[in-house]
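Each remark here refers to the structure printed beneath this line.
What follows is calculated from the coordinates using simple rules that are stated; it is not laboratory data. Fair warning: this is a prediction, and the values are worked out from it, not measured in the lab. Cβ: placed from backbone, ideal geometry, glycine included. Neighbour counts: every protein chain shown.
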Amino acid sequence: MHIARIPNPPTPAVQGGPALFQLVRFWSRRWLRDDHATPDDHALDILVLEAVDAAKRSNTRSVNDVATQLGLDRSGASRLISAATSRGYLTRRTQTADARRVELQITRSGRALLNAARRWQSAAFLDLVADWDPADVEAFAAYLVRLADAVLNNSTQDDTT
């Protein structure tokens, strides 16, 4: 891991790292609160669907791939996958090349839930920056997409080495 040099006094760019992680903690606490356990609330299912969707970038969608995406052990990921499968968001089938492995597919209702979640995410972002200059919103969004692509592409490469 490369550690960047931090100038003294810190610049606004240096403050971006702590701000990013504060936001991650803020949103993750709200998304995974205990009150998300009601049947109509699908926060954990959405996390699993996002992980399955992200795992397909490496052309695999196994329980291990989802566990890696979620940062969980295989048994924890398997429980979440089983719950999403029982609600009809995923299907499991044995891989033809290796009968010991299961391949996961997002169902039509799972895709609808994932699309609804992404629409909500877009709306939440637009609400957060509603009073920003439109050019700043576009630039910030482009930077977020670029950051996500870089992190996810490096993560996928790290996971395969």
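Some notes on this structure:
- A simple spin-label model places the labels of ARG87 and LEU72 1.2 nm from each other, with each point 7 Å out along Cα-to-Cβ.
- Taking 0.36 nm per residue of separation and subtracting the Cα-Cα distance, full extension of the segment from ARG101 to ALA13 would add 27.2 nm.
- Rg/Rg_globular for segment 105-153, with Rg_globular taken as 2.2 N^0.38 Å and Rg from C-alpha atoms: 1.41
- Extension gain, ALA124-ALA150: 0.36 nm per intervening residue step, less the Cα-Cα distance, totals 7.1 nm.
- Proxy reagent accessibility, fewest Cβ within 10 Å first, across THR91, THR85: THR91, THR85
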